[in-house]
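The values are calculated or read from the model by the stated rules, or taken from the named source; none is laboratory data. Source: prediction; values computed, not measured. Heads up, the Cβs are rebuilt from the backbone with ideal geometry, glycines too, and the neighbour counts pull from every protein chain shown.
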Amino acid sequence: MTDRTIQGQPGGLGTMLKAALPVLPGVNLVPGVAKKGGALPDLRLHRRDVAVDPAHVAAYARVCGFEPRQALPFTYPHMLAFGLHMGIMTDASFPFPAIGTVHLGNRITAHRPLAPTERLDVDAEARDLRPHPKGRVFDLVTTVSSGGEVVWDSTSTYLRVGRGDDTARPTGEPFDVVRGTGLVWRLPGDLGRRYAAVSGDHNPIHLYPLTAKAFGFKRQIAHGMWTKARCVAAFANRLGDAGTVEVEFKKPVFLPGTVAFGSRTVDGGLDFSLTDPRSDKPHLVGRARRG
């Protein structure tokens, strides 16, 4: 395993440009840029002694709908790790282009509340390349520690579309679709740009109609991790600051647009969904369980 420590805040527009190069005609043939498939690299990236910026936390909370509170928002540590994820996927050793890789799902466990004053260590690596009916999938695994104690971890699962394996089957308990239960959110056309400003995720599919159309979408779509964060913000007072929230991303949310949030109380937590209010088709399905 190659361990590499990244100084400062990685990511930004330069990293997104690097992510786009392997999908550009002609450029994708250049040695060191071309992505030809193969095994995941034995690469782990780190950030050490990371200080949280209160202004950034406040901006993230506003965009995602979290109420002000003493602990960090449940999903916020993903902001500290996103640059590491992009660093892995844009590394010359990584086998697939970052742009065009589909975010299928995300699982977060917060082991305890995180104070904004804590100094955090963040680690990320890619694991478990495996077959899927539509191509191959892999996980980006993040661990956040404070004083040597693991306090938060996350697994994001991504699909690289290609030659699939029809015998591959999903693992784990299937999610239920919970119909909207009274909350309808009208999402503005600039939501993707607002979330990009706080997350560093400037993927062009989220920004403008023209940039989204270049990658096959009729107009820009909301970030998957925004949809998860917005749902968590809606039930944060019922979840508390410790627990596990797992989601699968289904149909994209086009911007501007309208979505319906639904939730159902179950033993130990709740099940929830984000759906199209006209058709009830799901954009996101998930479950939350208290720690």
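From the set of residues in the stretch 185-198 that are of a type outside the set (Gly, Ala, Ser) and assigned to a loop (DSSP other than H, G, I, E, B), which is farthest from Lys281 (Cα to Cα)? So, considering only residues that are of a type outside the set (Gly, Ala, Ser) and assigned to a loop (DSSP other than H, G, I, E, B), the one farthest from Lys281 (Cα to Cα) is Asp190. Looking only at the stretch 51-82, which residues are more than 24 Å from Ala124 (Cα to Cα), without any contact (Cβ under 8 Å) to a residue 60 or more places away in the chain and crowded, with 18+ Cβ neighbours inside 10 Å? Passing the criteria: none in range.
The criterion of being closer than 28 Å to Arg69 by Cα and part of a helix (DSSP H, G or I) does not hold for Arg287. Taking the stretch 67-116 as the range and being among the basic types (Lys, Arg) and either under 12 Å from the mean Cα position of the chain (by Cα) or not in a loop (DSSP other than H, G, I, E, B) (or both) as the test, only Arg107 passes.
Of all residues in the stretch 118-138, those that are on the phi > 0 side of the Ramachandran plot have Cβ atoms under 6 Å from Cβ atoms of residues that are assigned to a strand (DSSP E or B), 6 or more apart or on another chain, in Asp128/Asp139; Gly135/Leu159; Gly135/Arg160; Gly135/Val161.
Which residues, taken from the stretch 234-284, are farther than 25 Å from Val141 by Cβ, small (Gly, Ala, Ser) and part of a strand (DSSP E or B)? Listed by number, the residues that qualify are Gly257, Ala260, Gly262, Ser263, Ser273.
Residues are listed down the side, and each one gets a yes or a no for (1) in contact with a Pro (Cβ under 8 Å, 6 or more places away or on another chain); (2) under 30 Å from Gly37 (Cβ atoms); (3) modelled with pLDDT of 95 or more:
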| site | (1), (2), (3) |
| --- | --- |
| Asp91 | yes, yes, no |
| Phe96 | no, yes, no |
| Gly105 | no, yes, yes |
| Pro113 | no, no, yes |
| Arg119 | no, no, yes |
| Lys134 | no, yes, no |
| Val144 | yes, no, yes |
| Thr155 | no, yes, yes |
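Is it the case, given these coordinates, that Gly162 is farther than 19 Å from His283 by Cβ, surrounded by 15 or more Cβ atoms within 10 Å (Cβ to Cβ), at pLDDT below 95 and out of contact with any Pro (no Cβ under 6 Å at 6 or more places or on another chain)? The answer is no for Gly162.
For the stretch 199-227, the candidate set comprises residues that are assigned to a loop (DSSP other than H, G, I, E, B) and without any contact (Cβ under 8 Å) to a residue 24 or more places away in the chain; within that set, the residue that is nearest to Glu246 (Cα to Cα) is Leu207.
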